[in-house]
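Peer 1: Here it is: the structure, laid out below.
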Amino acid sequence: QVQLVESGGGLVQPGGSQRLSCAASGNIFSLSAMDWYRQAPGKQRELVARITLFGRSNYADSVKDRFTISRDNAKNTGYLQMNSLKPEDTAVYYCRLWGGPGDYWGQGTQVTVSS
């Protein structure tokens, strides 16, 4: 059974940085594309960043030039480096693996940007 576990969330001040991790069990990580989504209170879940099997990435306009998605297939782990954080980045962040083997979501990790 595939499980995704996010970590690295917490409280951070505006302008600060945070790195989220998404660790996958099973042997699907290297076979899957990976997304990071977020959902703020009262808002729909939105796609923040995506990285393909081959390492090609793209970002939502709201996080471009501030966030960086990456993956380490040897560790079955993906990352979201978040810099220059703003209060509007406050949300629950979810990772997703999708592609040939299936479509899997993590349980989410809360990121709160506040002074």
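The values are calculated or read from the model by the stated rules, or taken from the named source; none is laboratory data. Bear in mind the structure is a predicted one, so any value in this text is a computation, not a measurement. Note that we place each Cβ from the backbone using ideal geometry, even for glycine, and neighbour counts take in every protein chain shown. These accessible areas exclude ligands, DNA and RNA; they are computed on the full protein's heavy atoms, side chains included. Shrake-Rupley method; radii C 1.70, N 1.55, O 1.52, S 1.80 Å.
Peer 1: Scan the stretch 22-44 residue by residue and report those that are surrounded by 14 or more Cβ atoms within 10 Å (Cβ to Cβ) and not hydrophobic (A, V, I, L, M, F, W, C).
Peer 2: Hits for the stretch 22-44 are G26, S32, D35, Y37, R38, Q39.
Peer 1: Restricting the search to the stretch 15-43, which residues are over 10 Å from the mean Cα position of the chain (by Cα) and under 12 Å from V111 (Cβ atoms)?
Peer 2: Matches in the stretch 15-43: G16, S17, Q18, Q39, A40.
Peer 1: Looking at (1) open to solvent by 70 Å² or more (accessible area, probe 1.4 Å); (2) under 11 Å from the mean Cα position of the chain (by Cα), which is the one condition that is false for G106?
Peer 2: Among (1) open to solvent by 70 Å² or more (accessible area, probe 1.4 Å); (2) under 11 Å from the mean Cα position of the chain (by Cα), G106 violates only (1).
Peer 1: While we're looking at this one, here's another question. Could you check, for the stretch 79-97, whether at least one of its residues is at pLDDT below 95 and not small (G, A, S)?
Peer 2: Let us first name the residues in the stretch 79-97 that are at pLDDT below 95, namely none.
No, the stretch 79-97 has no match at all.
Peer 1: Taking only pairs six or more apart or across chains, which ones have beta-carbon atoms under 6 Å, a first residue in the stretch 102-115 that is within 15 Å of A33 (Cβ to Cβ), and a second residue that is of a type in the set (K, R) and surrounded by 12 or more Cβ atoms within 10 Å (Cβ to Cβ)?
Peer 2: Going by the 6 Å Cβ cut-off, the qualifying pairs are W105/R96.
Peer 1: Of the residues A60, A49, which is of a type in the set (G, A, S), modelled with pLDDT of 95 or more and surrounded by fewer than 16 Cβ atoms within 10 Å (Cβ to Cβ)?
Peer 2: Working: A49 fails: surrounded by fewer than 16 Cβ atoms within 10 Å (Cβ to Cβ).
Going through A60, A49 in turn, the sole match is A60.
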